[in-house]
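The values are calculated or read from the model by the stated rules, or taken from the named source; none is laboratory data. Keep in mind the model is a prediction, meaning the values are calculated, not measured. In this analysis, Cβ positions are derived from the backbone assuming ideal geometry, glycine residues included, and neighbour counts consider all displayed protein chains. Side chains included, ligands, DNA and RNA excluded: accessible areas come from the protein's heavy atoms. Shrake-Rupley method; radii C 1.70, N 1.55, O 1.52, S 1.80 Å.
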Amino acid sequence: MDHHRNTTQSHSGAAAATPGAQRRVLIVEDDPTITEAIAARLRAEGFQVRTAGDGPAAVEAFEVWQPDLLVLDVMLPGFDGLEVCRRVQAQRPVPVLMLTARDDETDMLVGLGVGADDYMTKPFSMRELVARVHVLLRRVERATLAATTPRAGTLRLGELEIDHAQRRVRVSGKDVHLTPTEFDLLVCLANSPRAVLSREQLLAEVWDWADASGTRTVDSHIKALRRKIGAERIRTVHGVGYALETPAPASEWA
């Protein structure tokens with residue numbers, strides 16, 4: 001299942017100066033050429049890497065090794081990447097970068113719906129993949145810090161409630177399950193209610209990603225968010241970006 005075990009360093013070792021030092025990435029991909037290319041690049045960045053080539057092996061590796069992040073292909077033998085994502089997210093939340101061979105928005109929305117945080121369509125730039133891995137891990141660190149930092153509790157915008165401390169969202173009193181990315185995106189919009197935020201602004205704020213090539217990622221996450229909180233709550237300003245619609249006057253953090 002894993003032929004890279006001998007490259008894995010101990011968590012107890014001294015942290016290297018590389019950005020990915022001591023972070024564990026599990027690559028789940030059935031194409032050996034792609035697997036080796038990603039693994040080599042991530043190792044060069046200082047990450048510890050293991051690989052799995054099918055669905056069952058991926059779930060087993062996740063349970064045994066407890067990685068910090070998954071790079072996960074959708075199409076896999078055994079069972080597909082969507083099922084892998086469902087199973088690992090049921091064990092514990094973990095950032096997932098999904099890889100898909102099809103530039104199909106429906107596939108992307110399904111992936112986001114089962115807990116993927118971001119996606120990339122093949123063929124992709126290795127530089128961009130590495131950048132997104134760093135971004136997802138930084139977002140986890142920021143979310144952990146935010147959870148332990150005292151802040152005003154609940155933002156109420158009509159029937160929409162956002163509990164920042166517990167990272168929970170309710171619509172009309174009912175809990176709505178959001179992925180970590182969806183929650184951060186909603187909070188970003190809610191911090192400037194009714195203001196139109198460009199896709200580039202949202203990429204920079206939520207993904208810490210300054211390259212406009214990721215704007216389709218924003219669009220797909222917005223669509224997924226609309227399905228969960230109600231399409232009427234997020235307004236599209238064509239050619240510009242998105243705004244969170246709120247009752248007048250806009251509510252504030254309470």
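Figures for the structure shown
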read-out	value
Residue ID - modelled with the lowest pLDDT, chosen from residues in the range 195-234 that are β-branched (Val, Ile, Thr) and in a helix (DSSP H, G or I)	THR215
Identity of the residue in the range 88-111, loosely packed, with under 12 Cβ neighbours inside 10 Å and part of a helix (DSSP H, G or I), that ends up modelled with the lowest pLDDT	THR106
When residues of the range 153-175 are limited to those that are open to solvent by less than 30 Å² (accessible area, probe 1.4 Å) and without any contact (Cβ under 8 Å) to a residue 60 or more places away in the chain, the one farthest from ALA231 (Cα to Cα)	ASP163
